[in-house]
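These notes concern the structure reproduced below.
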Amino acid sequence: MTNNEIADQLNELADLLEIQGESMFKLRAYRKAAEAIEEMPASLEDRINAGEDLTKLDGIGKSVAEKCSELVTTGQMKKLEEVRQKIPRSVLDLARVPKVGPKKAAALFNELGIATLEQLRQGCQAGKVRELPGFAEKTEQAILAGLEKIADVADRMLWSQADEAAGELLKHMRSCPEIEQMELAGSYRRGQETVGDLDLLVVASSSGPVMDHFATWGQLESVTGRGPTKMSIRTRRGIQIDMRVVPAESFGAALQYFTGSKDHNVQVRSLAKKHGLKINEYGVFDAGDQPVPGAGATEEAVYRAIGLDWIPPELRQARHEIEWAATGKIPQLIDVADIRGDLHMHTSATDGKNTIGEMADAARQRGLQYIAITDHSKRVTMARGLDSSRLLEQWAEIDRINAAANDEFRILRGIECDILENGGMDLPDDILAQADWVIASLHYGQSQPRQQITDRIVGAVRNPHVDIIAHPTGRLIGRRPGYDVDLMAVFQAAAEHGKMLELNASPQRLDLDDSNLIAARSFGIPVVISTDAHHLSGLADIRFGILQARRAALTAADVANTRPVHEFLQLISRG
């Protein structure tokens, strides 16, 4: 059992207990333990099997340790099973709808028997929800609007979650000797923000042994279908995986077809028709339905048959990729190796887990040349945000660390300064003027009217000491829609004042999205891809941001923190 699976069950227990009205003390204990387990480099299961005392690990108390041991040794957590008997897991979906939350979800379930999103929609449409204490017609309408916004991701997982499952799957399947080629396709391969299921394509000397091997995967919960060349399973975490065994001569065609997108494939088939060809998952065929020799074996050969260069999967969205591929103008997409600095991270001074020095050492090990320490400002009281005095002390510490360093690695003195609800910045200008790097962000008043939120952000853009707007829409994928903001007005202001915009690489945010990244580039606005890391392992999230940037066809030149530190500092000094 993986660390993330154990953490998932602890988080689910906390969520269900919150709906039951359990004390925040217990909830925090479960969630803190779940976070600690997710961040562990070693397997908790191995530690339990070795008889290690889990209470000696940070964040894990006696009660949690007992539950983790029970889960690993028996496959179940008794307390969680008891709570599941009382509250269906689907009630958790209600709590994630904007304007609902755990307390209202509990009321909906206990008073009206509403346990699913569809029942919630019907209850709102029938006017039943507004009759509950604490609800009103306005709340009902807001819930309906929230349901619309989360409908497209309700049955999907974050790409990062799909990637974890994909890694475990491939590791298992690589030990099957019959497999000659293997690749994941679908929305996962295209790097979509959310993924519905996983599609695995395999070339093998014999399909039977491959399917038998697939069925021995430890994550498998049930086999939902099996035929001569296709097998479908469902994992213990509820992920559907479809595996297809295809001939080697069709592998490229099948990979291109099942990667998609649907609209991209329509354009490919249309172009093939103009060339007198037909392309499907079985290969490339001429007018007489005869296979074109070798044209279906690789994706490169499939695209070459219709006069195109190979197209990176992230670009297959029916935008400009066909035109680019036909004229040899596929952009050189940005890669993780292009990033030289990470400019948004938090330390133990506020809500981070590690010190400045620890974050710097971890960044060095990842090959970065510079970072910015950007703890929260004082408005974010729940994170123990920094006031002017504490911030100046932190900057003095950064100066000492830089002076003592025996390499060229640089730590920039930064701050994530809140944009106040009534406008203006959370810290005075004379303090911000001393910073190397000022991030402006909005954490409060997110339900304000469109014009008010837009004015707040544009006002921050106009502040001469602000360098960048962080996570410009504030969305959390599948959990919270972005606030209502006129992004075109923000883009216009950023372009006029020489400011940057962030692509936040946290897999729950990925804000800006690909469409807005394209728009920002059209305004000539430099983008910064940062992790918003709150612990050492969070620095690895940069790859999620890179994937999002590739979907927007961004190159290294479009991203400011691909520059060496001296060039980057010149860029922000020019504004």
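The values are calculated or read from the model by the stated rules, or taken from the named source; none is laboratory data. Here the structure is a predicted model, which means the values were calculated and not measured. Cβ: placed from backbone, ideal geometry, glycine included. Neighbour counts: every protein chain shown. Surface areas here come from the heavy atoms of the whole protein model, side chains and all, with no ligands, DNA or RNA. Shrake-Rupley method; radii C 1.70, N 1.55, O 1.52, S 1.80 Å.
List of remarks:
- The numbered conditions (1) open to solvent by 50 Å² or more (accessible area, probe 1.4 Å); (2) over 30 Å from Gln76 (Cα atoms) are all true for Gly186 except (1).
- Any pair with Cβ under 9 angstrom, 6 or more apart, that starts in the stretch 416-431 at a residue that is under 15 Å from Arg456 (Cβ atoms) and small (Gly, Ala, Ser) and ends at one that is open to solvent by 50 Å² or more (accessible area, probe 1.4 Å) and not in a strand (DSSP E or B): Gly423/Gln452; Gly423/Asp455
- When the stretch 104-131 is filtered for residues that are free of Cβ contacts under 8 Å to residues at least 24 places away in the same chain and in a helix (DSSP H, G or I), the ones remaining, listed by number, are Asn110, Glu111, Leu112, Glu118, Gln119, Gln122, Gly123, Cys124, Gln125, Val129, Arg130, Glu131.
- Inter-residue pairs, beta-carbon under 8 Å, first within 14 Å of Gly113 (Cα to Cα) and in the stretch 77-89, second of a type in the set (S, T, N, Q) and assigned to a helix (DSSP H, G or I), 6+ apart: Lys86/Gln20; Ile87/Gln20
- Gly283 being of a type outside the set (S, T, N, Q), on the phi > 0 side of the Ramachandran plot, free of Cβ contacts under 8 Å to residues at least 60 places away in the same chain and crowded, with 16+ Cβ neighbours inside 10 Å: yes
- Criterion violated by Gly134 - all others in (1) of a type outside the set (A, V, I, L, M, F, W, C); (2) under 30 Å from Arg480 (Cα atoms); (3) in a helix (DSSP H, G or I); (4) open to solvent by 60 Å² or more (accessible area, probe 1.4 Å) satisfied: (3)
- Residues in the stretch 214-256 that are in a strand (DSSP E or B) and over 27 Å from the mean Cα position of the chain (by Cα): 9 in all.
- Residue count for the stretch 169-213, restricted to those that are in a helix (DSSP H, G or I) and under 23 Å from Gly260 (Cβ atoms): 8.
- When Glu393 is tested against (1) open to solvent by less than 70 Å² (accessible area, probe 1.4 Å); (2) free of Cβ contacts under 8 Å to residues at least 40 places away in the same chain; (3) not aliphatic (A, V, I, L, M), exactly one condition is not met: (1).
- Residue check for Phe258: in contact (Cβ under 8 Å) with a residue 40 or more places away in the chain, over 28 Å from Asp514 (Cα atoms), open to solvent by less than 60 Å² (accessible area, probe 1.4 Å) and touching a strand residue (DSSP E or B) at 6+ places or on another chain (Cβ under 7 Å): no
- Residues of the stretch 427-485 that are open to solvent by 20 Å² or more (accessible area, probe 1.4 Å) and among the charged types (D, E, K, R): Asp429, Asp430, Asp436, Arg450, Asp455, Arg462, Asp467, Arg475, Arg479, Arg480, Asp484.
- Options Leu92, Leu112, Leu71, Leu120: the member that is out of contact with any His (no Cβ under 6 Å at 6 or more places or on another chain), within 30 Å of Leu44 (Cα to Cα) and modelled with pLDDT of 90 or more: Leu71
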